[in-house]
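Trainee: Take this structure, written in structure tokens, and hold onto it; I'll ask about it next.
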Amino acid sequence: MIKKIVLLAAALTAGLGLIGCSHQSQQKASPGGKVLKIGFLYVGPKDDFGYNQSHAEGAAEIAQLPNVKIVEQENVPETVDVEKAMEGMIVQDGVSVIFATSFGYWDHVLKVALKYPNVKFFHCGGLYQADKDPPNVYSYFGYIEEGQYLNGIAAGYASKTGKLGFIAAKPIPQVLENINAFTLGARSVNPKATTTVVFTGGWSMPTQEANAANSLIDKGIDVITMHVDSPKVIVQTCEQRGVFVAGYHADQSSLAPKEYLTGAIWNWGAVYKTIVADIQAGKDPSHFIRGGMKDGFVKMAPFGPGVSATAKTKIESVLGKMMKGEFVIFKGPLKDNTGKVVIPAGTSEVQTDPVLEKMNYLVQGVIGSTGM
Amino acid sequence: MVTAAALLKRNVSKTGIGAQLGAILAAVVLFAVFLVLQGKSPWGVLADMGIGAFGSSFAWQNTLVRAAPLLLTALCTLIPAQLGLVIIGNEGAWLLGGLATSVLGASLPPSWGIGGLLLSLAAAAVAGGFWIGLAGAGRQWRGVDPTISSLLLYYVAWGVFLFLVEGPLRDPQSLNEPSTFPLPKEFLMSSLPGTSVHAGLLVGIAACLLAWFVFFRTRLGFDARIVGENERLGATLGLRRSLLVVGACAVGGACAGLAGGIQIAAINHASNASLNAGVGFSGILVAFLARQRPLAVLLVALLVGGLQASGGFVQRDHNLPDATISVFQGLLFLSVLWAEAFRRDPSGGNK
Amino acid sequence: MNLSTSNSAVGAIFIALLGGAIKTSTPYLFVSLGETLTEKAGRVNLGLEGTLMMGAVTGFGASLFSGNPFVGVLAAGGAGLLMGALHAWLCSFRRVSSIAVGIALMIFGTGLAFYLGKPLIQPQAPHLPAIDLGFWTTNPALKEALQINVLFIAGVVLAPLLAWFLASTRWGLILRLCGENVEAARAKGIQPERVRLLATAAGGFLAGIGGSFLSLYYPGTWTEGLSTGQGLLAVALVIFSRWNPLLCLVTSLLFGALGSLGAALQAAGLSQGFYLFGTVPALMALGLMILTSGKKRGVSGRPAELSVHT
């Protein structure tokens, strides 16, 4: 009994091992060289109509550049697996630059970066601290809350009930910033607007997202936006139930021709191009790469039929200010939804202020709580 | 090692081997056909699986790091299986074990050094043992099917884990990936010298050898296996039988829990959602592929670890979806089961 | 309670639960009805989670390419039938454990579904239609809750039909005999393996259809997070529905309602502890199993030939 299993497993292992060892010599990493080999890691599928797709589209843009070759791996979970994946790309594929596009990769990036000081690691969304983190790690992100603010304006005008909805994965700072920006944008045109938040507990949970959308709509909410990895289900549900929706991550207007208002979209291609150009020119990129509308990191989707002329004018005017770097979303006096003052009067937290990346409150007008 | 080799020599049966190797070959051939239908080179993919698993020192370490926890999580299915139960809730025990280590480890004074580490790991074993023990108790005293209940317990464990980790037990510093407080460095498990593989590998090997010894060389194990192979004869053992069943579940759960704790102490250092990586579920696969035999687990864990390690490499090299490896694992599992039909010797086997 | 004008939170939650029950119970219903058939014939198929996913991906793909969602449903059933037949074929060999085969098919089916589904994540396939049974109310929530999908109706009709089939027809009797006493069946000239093959294939067919509901109606998309363990929970459902198709209907509705409890409560403003809401279906399943199992090992109604130890 035992022997059969043992021998069977041994045979297979040996078989694979023989093949493996005999091919060993072909897999040495090539150091330096003219071609820049870049690795991309995605937490989900590349064509999810959302977060991962936005990165993959950016990757595809730089793959076109001369002397650049990319290697991609998708569905890499935010566990130790990603460390092995990154190491695999370095050791087996010879990459010298890695883009770890998902949030949850941060701790793993820090660990692997210590082992490979000659490889540059770019992490999307991490909070790089110069005194603590390795010098070959860089974090990049976009101020997409500017887009959510504009979504909020569109929602504020489009909503008849003044009740808005936000479907989010988990109450982490970047998500809270989006919820707050959306609400502030809506209340800038309708001071009585409210945003009801539903947390699904995970970044990609289609049934819960559909349930959340339906529950919100059942309560009279007539505009919904979201912060989940793939907004597809929510956008489709809204279209089907005749409720407005503002998109996120990528352009979902083709899924909801009637109800799609506009959307906050990433423009990673621009970001990646700049980074690659820096590296190829021998420059050390910034460790804390951030940008908003002004820098072309994020943009808005084209307007749908539900956006009135008044709304368009207002959005374009605020967008204009953002483009000049003159618009501050988070400024005092600002209270959270328990009544506590979170930004005192006279204080402005500009987009680049790192304190925003530690946000832990929901502003007045948001129905829901961050705690569990 | 000597005993194992002697055992091997004593029990060779040609027809059985032939069928098993044939099954492996069949799985490989089916997989190759599958790949050809997708327009991919089967030879290239299989070669990459070999390279990715065993083709370099990096690959080997990758494989061993993955195999180490599988040795323990497989026991969570294997040990109760000796008594005739099918437990598939390993992942739940793993999660709660990891959580227990995180919580205790972060609360004890770092000066306790290795004692703190051992206590934290013990807590992991207790948590996992309790959880699966519940499934065993449910079966013995309420007639609740332990296969289903152990799986349902996984769903409950996951929900509770997330609730605690992202709520009351959350480290306020862990903003973007809500986690528990990290273990102090005095409690961390180090790697085996010269490698990136941690000492958990040795724990796993020891556990498998111990399991073999207990079940095949002691009276207790003999009694336990009686309960598994013959219900009526087992019934004559009375209360002892219930204790054996619950005990086996608890020990199996303790193994999976311990594996989770080791993962925290050696690799993750704190508990968060990323702990749910399917290692518990892979343990089920290893146990079944090894036909519930502890010594076979040693090699099968290596094989499955290698398969999983090669996944990323295969994906990148051939532009294949990561699900490719699951398909192969499934085919392998199915083939091995099918080969069971050709076994000649009369020992056990359920219908 | 005048639902169209009342604003009571309780009323809103009730409607949400009703809607959830109708919307999300269908996969549970089809899988549990299919598994009831299989288990009544004396075999356990744990691989239905894999079958569910294969049904979902096949249904979505077939609907996309043919433009007709019903073609998708049929194709999904077909895929499920093949998976069921595979299970039965493997289990027909004497020393093969049906539990192990089930787990293997769970892994294989899910992996294959994810693999085949890669090109299907982006596109939109034609959805199954719904019948508006809420035409009489102006309350939008109630109206939405009463949007009944054709598959749900099919399932509701199927449950009593299956109960009648098992209790009163000759074929049903043969099937049950194979599940209760294999030797007696053989003595009557029945081939139990043939019967179990048909029963498992039929069970797979139904489970596949259940999967098509997920991808062609609610949530109506193909993605890898589509199933939240419904295939496995449905097997548990069969147990505490005492292998009774009518009870399967009731418990499926219950589980559908429970699944949407979390979202409904959050929409009503109760955000605390939302992870714990997710455990409610599993806890309820456990609770029900404990309550309905006797101290004497065994559950009344369990087919005697089932090899899952209890």
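Trainee: So which GluC sites (Glu not before Pro) in region C:82-191 are both in a DSSP loop and have at most 11 other Cβ atoms within 10 Å of their Cβ?
Mentor: none
Trainee: Need one number: nm distance between label points at B:Ile114 and B:Leu30, each 7 Å from Cα along Cα→Cβ, rounded to one decimal.
Mentor: So the label points at B:Ile114 and B:Leu30 sit 4.8 nm apart.
Trainee: Can you work out the Karplus-derived ³J(HN,Hα) for every residue in region A:364-369? Use 6.51 cos²θ - 1.76 cosθ + 1.60 with θ = phi - 60°, whole Hz, and x for glycine or proline.
Mentor: 4, x, 9, 9, x, 9
Trainee: Enumerate the amide H contacts of A:Thr195 below 5 Å, restricted to partners 5 or more residues apart or on another chain; note that Pro and chain-start residues carry no placed amide H.
Mentor: Amide H to amide H, under 5 Å and 5 or more residues apart or across chains, A:Thr195 pairs with A:Leu164, A:Val366, A:Ile367.
Trainee: Among A:Tyr116, A:Thr79, A:Gln64, whose Cα projects farthest towards the positive end of the dipole of region A:33-142, with charges put on the beta-carbon of Lys, Arg (+1) and Asp, Glu (-1)?
Mentor: Toward the positive end, the furthest listed residue is A:Tyr116.
Trainee: Further, regarding this structure: Pop a pseudo-label 7 angstrom from the Cα along the beta-carbon direction at both C:Thr169 and A:Lys160 and give the gap in nm to one decimal.
Mentor: 5.0
Trainee: For peptide B:84-90, what's the mean number of Cβ atoms from other chains within 10 Å of each residue's Cβ?
Mentor: Mean partner-chain Cβ count within 10 Å for B:84-90: 3.
Trainee: With axes computed from alpha carbons, what is the tilt in degrees of helix C:69-91 against the longest principal axis of chain C, rounded to the nearest 10 within 0 to 90?
Mentor: That helix lies at roughly 30 degrees to the long axis.
Trainee: On to the next question. Ranked highest first by the average count of other Cβ atoms within 10 Å around their residues, in what order do A:92-99, A:341-348 fall?
Mentor: Top to bottom by mean Cβ count within 10 Å: A:92-99, A:341-348.
Trainee: Now a separate question. When you look at the Cβ of every residue in C:133-141, what mean number of other chain Cβ atoms sits within 10 Å?
Mentor: Mean partner-chain Cβ count within 10 Å for C:133-141: 2.
Trainee: Right, something else. Averaged across the residues of B:136-142, what count of C-beta atoms belonging to other chains lies within 10 Å of each residue's C-beta?
Mentor: Counting Cβ atoms of other protein chains within 10 Å of each residue's Cβ and averaging gives 3.
Trainee: List the accessible area buried at the contact between C and A, summed over both sides and calculated with a 1.4 Å probe, in Å² to the nearest 100.
Mentor: 3000
Trainee: Right, another one. What number of lysine-lysine pairs in region A:129-274 show an alpha-carbon separation below 17 angstrom, given a sequence spacing of 8 or more or placement on distinct chains?
Mentor: Number of lysine pairs found: 7.
Trainee: Based on the Cβ-Cβ distance from A:Val350 to A:Met323, what FRET efficiency comes out when R0 is 22 Å, to the nearest 0.05?
Mentor: 0.90
Trainee: For the protein assembly as shown, with only Lys/Arg (+1) and Asp/Glu (-1) charged at the beta-carbon, what is the dipole magnitude about the Cα centre, in debye rounded to 20?
Mentor: 2720
Trainee: What percent antiparallel are the DSSP beta bridges of chain A, to the nearest 5?
Mentor: Given both bridge residues lie in chain A, the antiparallel proportion sits at roughly 15 percent.
Trainee: So, with a 1.4 angstrom probe, what is the percent of accessible area on region A:272-319 that is carbon and sulfur?
Mentor: That fraction is 55 percent.
Trainee: Using Cα atoms only, what is the angle between the long axis of helix A:206-218 and the major principal axis of chain A, expressed in degrees (0 to 90) to the nearest 10?
Mentor: That helix lies at roughly 0 degrees to the long axis.
Trainee: Say we join alpha carbon atoms closer than 10 Å with springs in a Gaussian network model of chain A; which of A:Thr313, A:Thr237, A:Thr161 then has the biggest fluctuation?
Mentor: A:Thr313
Trainee: Give the interface area between chains C and B as buried accessible surface, both sides summed, probe 1.4 Å, in Å² to the nearest 100.
Mentor: 4700
Trainee: Follow-up. Going by amide H atoms built from the backbone, whose H comes under 5 Å of the H on B:His198, apart from near neighbours?
Mentor: Residues meeting the criterion, in which the H sits 1.01 Å from N, are B:Leu192.
Trainee: Which residue, B:Arg225, B:Arg293, B:Arg240, has the most motion in a Gaussian network model of chain B that connects Cα atoms within less than 10 Å?
Mentor: Result: B:Arg240 has the largest fluctuation of those listed.
Trainee: Put +1 on the Cβ of each Lys and Arg and -1 on the Cβ of each Asp and Glu in chain B; which of B:Pro193, B:Ile87, B:Pro42 then has its Cα farthest toward the positive end of the dipole?
Mentor: B:Ile87
Trainee: Now a separate question. Determine ³J(HN,Hα), in whole Hz, for all residues of region C:216-233 in sequence, where each value follows from phi through the Karplus function 6.51 cos²θ - 1.76 cosθ + 1.60 and θ = phi - 60°; x replaces Gly and Pro.
Mentor: 10, 9, 9, x, x, 8, 10, 7, 6, x, 4, 9, 10, x, 4, x, 6, 4
Trainee: So what is the 222 nm mean residue ellipticity for chain A from helices alone, if each DSSP H run of at least 4 adds -39500 (n - 2.57) and you divide by all residues, rounding to the nearest 500 deg cm²/dmol?
Mentor: Value at 222 nm, helices only, nearest 500: -12000 deg cm²/dmol.
Trainee: Sorted by packing (mean other beta-carbon atoms within 10 Å per residue), highest first, where do B:58-65, A:320-327 land?
Mentor: Ranking the peptides B:58-65, A:320-327 by packing returns B:58-65, A:320-327.
Trainee: Give the long-range amide H neighbours of A:Val68: residues separated by 5 or more places, or on another chain, with amide H under 5 Å away, using H modelled in the peptide plane at 1.01 Å from N.
Mentor: A:Leu36
Trainee: Rank A:Asn178, A:Asn190, A:Asn267 by mean-square fluctuation in a GNM of chain A with C-alpha springs under 10 angstrom and give only the top-ranked residue.
Mentor: In this elastic network of chain A, the residue with the biggest mean-square fluctuation among A:Asn178, A:Asn190, A:Asn267 is A:Asn190.
Trainee: So what's the back-of-envelope 222 nm ellipticity for chain B, counting only DSSP H runs of four-plus at -39500 (n - 2.57) apiece and dividing by all residues, rounded to 500?
Mentor: Rounded to the nearest 500, the figure is -24500 deg cm²/dmol.
Trainee: Between B:Arg219 and B:Ser242, what is the spin-label point distance in nm, taking each point 7 Å from the Cα along the Cα→C-beta axis?
Mentor: Between B:Arg219 and B:Ser242, the simple spin-label model gives 2.3 nm.
Trainee: Still on this structure, I have one more. I'd like the carbon and sulfur percentage of the solvent accessible area for region B:69-309, probe radius 1.4 Å, heavy atoms only, ligands and nucleic acids excluded.
Mentor: Heavy-atom surface of region B:69-309 belonging to carbon and sulfur, 1.4 Å probe: 70 percent.
Trainee: Same structure, new question: Give me the 1.4 Å probe accessible area per residue for the protein assembly as shown, excluding ligands and nucleic acids, in Å².
Mentor: Value for the protein assembly as shown: 35 Å² per residue.
Trainee: Please name whichever of B:Leu334, A:Tyr361, B:Gly116 sits farthest to the positive end of the charge dipole of the protein assembly as shown, dipole taken about the Cα centre and charges placed at Cβ: Lys and Arg +1, Asp and Glu -1.
Mentor: Of B:Leu334, A:Tyr361, B:Gly116, it is B:Leu334.
Trainee: Ok, one more. Could you run the numbers on buried accessible area between B and A, total for both chains, 1.4 angstrom probe, in Å² to the nearest 100?
Mentor: Result for this pair: about 5000 Å² buried.
Trainee: Let me ask something additional. On a 0 to 90° scale, report how tilted helix C:9-40 is relative to the longest principal axis of chain C, with both axes built from alpha carbons and the result rounded to the nearest 10.
Mentor: Between the helix axis and the principal axis of chain C, the angle is about 10 degrees.
Trainee: Given a Förster radius of 25 Å and the C-beta distance between C:Lys188 and C:Ser66 as r, what FRET efficiency does 1/(1 + (r/R0)^6) yield to the nearest 0.05?
Mentor: The computed FRET efficiency comes out at 0.05.
Trainee: Along region A:190-199, what does the Karplus equation 6.51 cos²θ - 1.76 cosθ + 1.60 (θ = phi - 60°) give for ³J(HN,Hα), rounded to whole Hz, x for Gly and Pro?
Mentor: Per-residue couplings from phi come out as 9, x, 9, 5, 10, 10, 9, 9, 10, 9 Hz.
Trainee: Can I ask one more? Quick check: with the 1.4 Å probe, what order do B:Arg217, C:Arg302, C:Arg170 take by accessible area, largest first?
Mentor: Result of the area sort, largest leading: C:Arg170, B:Arg217, C:Arg302.
Trainee: Sorted by average packing, counted as other Cβ atoms within 10 angstrom per residue and highest first, what order do C:10-16, C:35-41 take?
Mentor: Top of the packing list down: C:35-41, C:10-16.
The values are calculated or read from the model by the stated rules, or taken from the named source; none is laboratory data. Keep in mind it's a predicted model, so treat the numbers as computed, not measured. A quick note on method: Cβ atoms are made from the backbone with ideal geometry, for glycine too, and the neighbour counts reach across all protein chains shown. These accessible areas exclude ligands, DNA and RNA; they are computed on the full protein's heavy atoms, side chains included. Shrake-Rupley method; radii C 1.70, N 1.55, O 1.52, S 1.80 Å.
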